[in-house]
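The values are calculated or read from the model by the stated rules, or taken from the named source; none is laboratory data. Keep in mind it's a predicted model, so treat the numbers as computed, not measured. A quick note on method: Cβ atoms are made from the backbone with ideal geometry, for glycine too, and the neighbour counts reach across all protein chains shown. Side chains are part of the model used for accessible areas, which takes the heavy atoms of the whole protein and leaves out ligands, DNA and RNA. Shrake-Rupley method; radii C 1.70, N 1.55, O 1.52, S 1.80 Å.
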Amino acid sequence: MKKTVPRIGEHLVVAIDGPAGVGKTTVAGAVADKLSIYHIDTGAMYRALALKAIDEGIDCLREDSLDEIIEDVVIEYIPQRGGYKVLVDSVDVTDRLRTPEVTRASSDIAVHRSVREFMVSLQRGIGERYDITMEGRDIGTVVFPNAQVKIFLTASSIERTRRRMIQDNISYNPTEFLRVMNEIEARDLNDSQRIFAPLRPASDAKIIDTTCLTASEVVEIVMEEVRRNWDTS
Ligand code: DC
């Protein structure tokens with residue numbers, strides 16, 4: 001259904017879901033720039049909580065221990081031009097979020113229901129106040145099931161490994177390539193087999209196989225979806 005006039009108080013949510021390394025951040029960031037709205041990377045929030053758990057020496061597989069952290073941790077996501085900052089208890093941790101240890105731990109903590117409820121309420125709070133692109137695993141299915149635009153990006157695991165190595169500045173050699181590919185595939189398995197909010201496309205999402213597309217081509221397809229569903233004039 002084409003929506004030309006947004007209701008008062010209603011905000012645009014462009015939900016962009018998909019597996020690791022598929023290019024969600026590039027696409028969600030570029031679409032946000034084009035529309036002059038905020039880009040919210042929900043993976044960074046899970047990573048921030050995982051980092052807090054690691055710093056506190058907590059086992060990320062134990063939900064009861066994580067519950068204690070959730071009770072009083074303050075995670076702040078601050079969108080900035082061309083990126084974002086994440087604060088945990090007022091400390092900027094942005095530069096510490098992309099280590100292999102945090103990456104693994106973020107997928108581990110994300111299986112727990114209480115962690116997901118905590119994150120979903122944080123994320124809905126942002127979407128209720130601003131027009132956003134929001135990237136993650138469950139944005140179109142759970143966080144914003146009524147999002148005006150829902151995109152699910154896919155790509156072959158070889159292509160996703162190549163993109164991840166470029167994004168994380170890892171120089172190519174066959175051993176590193178296999179290590180990164182194994183990490184990506186293990187994480188996708190963990191993210192899609194969990195009981196609560198598993199990685200999967202919403203039934204009404206537009207699925208885009210990006211394996212043979214450039215980032216600009218994907219952005220243009222997403223922009224077309226936005227124009228069909230939201231008055232951008
Ligand atoms: O997008 P990312 O690679 O930074 O996400 C890190 C982990 O966080 C991912 O493996 C699973 C979890 N995650 C999630 O479960 N739901 C989201 N909406 C975003 C991330």
**Members of the range 132-187 found to be farther than 24 Å from K34 by Cβ and small (G, A, S), listed by number** = S156, S157, S171, A186
**Message:** Among the residues that make up the range 191-209, is at least one of them away from the ligand (no atom under 16 Å from the Cβ) and among the aliphatic types (A, V, I, L, M)?
**Reply:** yes
**Message:** Six or more apart or on different chains, Cβ atoms under 6 Å: show the pairs whose first residue is in the range 17-32 and within 12 Å of M134 (Cβ to Cβ) and open to solvent by less than 20 Å² (accessible area, probe 1.4 Å) and whose second is near the ligand (Cβ under 10 Å from one of its atoms) and in a loop (DSSP other than H, G, I, E, B).
**Reply:** D17/R137; K24/G18
**helices (runs of 4 or more DSSP H) contained entirely in the range 9-72, each with at least 3 residues that are within 14 Å of the ligand (Cβ to nearest atom)** = 24-35, 42-55
**Complete:** Here the residues within the range 77-95 that are farther than 21 Å from K24 by Cβ and open to solvent by 50 Å² or more (accessible area, probe 1.4 Å) are D89, S90, V91, D92
**Complete:** Taking first residues from the range 71-97 that are closer than 16 Å to M119 by Cβ and second residues anywhere that are polar (S, T, N, Q), the pairs with Cβ under 8 Å that are 6 or more apart or on different chains are V74/S90; E76/S90; Y84/T94; V86/T94
**Prompt:** Within the range 45-59, is there a residue that is at pLDDT 95 or above, open to solvent by 30 Å² or more (accessible area, probe 1.4 Å) and in contact with a strand residue (DSSP E or B) (Cβ under 9 Å, 6 or more places away or on another chain)?
**Reply:** yes
**Message:** With the structure loaded, tell me whether R98 is within 12 Å of the ligand (Cβ to nearest atom) and at pLDDT below 95 or whether it fails that test.
**Reply:** yes
